[in-house]
Amino acid sequence: MPWSKNDYPDSFKNLDNAVRSKAIEIANALLRDSYEEGRAIPIALDRAKQSVTGDEERPIYEIRKHDEGWQLKKKDSKKAILIEETKDSLMGEAKRYVNKNHGELHIYNEDDFLSDTLYE
């Protein structure tokens, strides 16, 4: 069930408004990515605090064209984390991996131009 500024988990109750809003946004995104509520709430809470206070720099992951299809790799790394034949088949697992590692996801098109950024 998606949360809103008027309906959110009890653990968000005593948060600053900016942190609460960000936590709700992140928790809803995690739910859309098939996380269970019990996992989504603490992850969203932690990430929202980091995002609003700016305590931690987040790692950047990239989806780029690869000889064998498409790959997920950490920025400036030569080693692929995941490789799939199609970009679509890579996206779901890549999103879960980047969320789990509190990262930012940069998605490139076939011509190697940045086409989208997720989890900024």
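The values are calculated or read from the model by the stated rules, or taken from the named source; none is laboratory data. The structure presented is a predicted model; accordingly, all values stated were derived computationally and were not measured. Cβ sites come from the backbone with ideal geometry, for glycine too, and all protein chains shown count toward neighbours. Each accessible area value is taken on the protein alone, full model and side chains, heavy atoms only, with ligands, DNA and RNA left out. Shrake-Rupley method; radii C 1.70, N 1.55, O 1.52, S 1.80 Å.
Of all positions in the stretch 78-101, none carries a residue that is open to solvent by less than 50 Å² (accessible area, probe 1.4 Å), in a loop (DSSP other than H, G, I, E, B) and more than 19 Å from residue 31 (Cβ to Cβ). Residue 28 - would you say it is open to solvent by less than 50 Å² (accessible area, probe 1.4 Å), within 16 Å of the chain's Cα centre (by Cα) and either among the acidic types (Asp, Glu) or within 30 Å of residue 7 (Cα to Cα) (or both)? When the stated conditions are applied, residue 28 passes them. Sort out which residues of the stretch 42-59 are under 14 Å from the mean Cα position of the chain (by Cα) and surrounded by 15 or more Cβ atoms within 10 Å (Cβ to Cβ), and write them in order of number. Selection gives 43, 44, 45, 47, 48, 50, 51, 58.
Residue count for the stretch 60-77 under the criterion of being modelled with pLDDT of 90 or more and either within 18 Å of the chain's Cα centre (by Cα) or surrounded by 15 or more Cβ atoms within 10 Å (Cβ to Cβ) (or both): the result is 11. For beta carbons closer than 6 Å, sequence separation of 6+ or different chains, a first residue in the stretch 14-37 that is under 15 Å from residue 119 (Cβ atoms) and part of a helix (DSSP H, G or I) and a second that is polar (S, T, N, Q) and at pLDDT below 90, the qualifying pairs are 22/51.
For the stretch 31-41, give me each residue that is buried (at least 17 other Cβ atoms within 10 Å of the Cβ) and more than 13 Å from the chain's Cα centre (by Cα). Selection gives 41 alone.
Among the residues of the stretch 69-120, those identified as under 24 Å from residue 50 (Cα atoms) and among the aromatic types (Phe, Trp, Tyr) are 97, 119. Scanning the stretch 52-69 finds one or more residues that are in contact with a Lys or Arg (Cβ under 8 Å, 6 or more places away or on another chain) and part of a helix (DSSP H, G or I).
Is it the case, given these coordinates, that residue 85 is at pLDDT 90 or above, closer than 15 Å to residue 118 by Cβ and among the acidic types (Asp, Glu)? It is false that residue 85 is at pLDDT 90 or above, closer than 15 Å to residue 118 by Cβ and among the acidic types (Asp, Glu).
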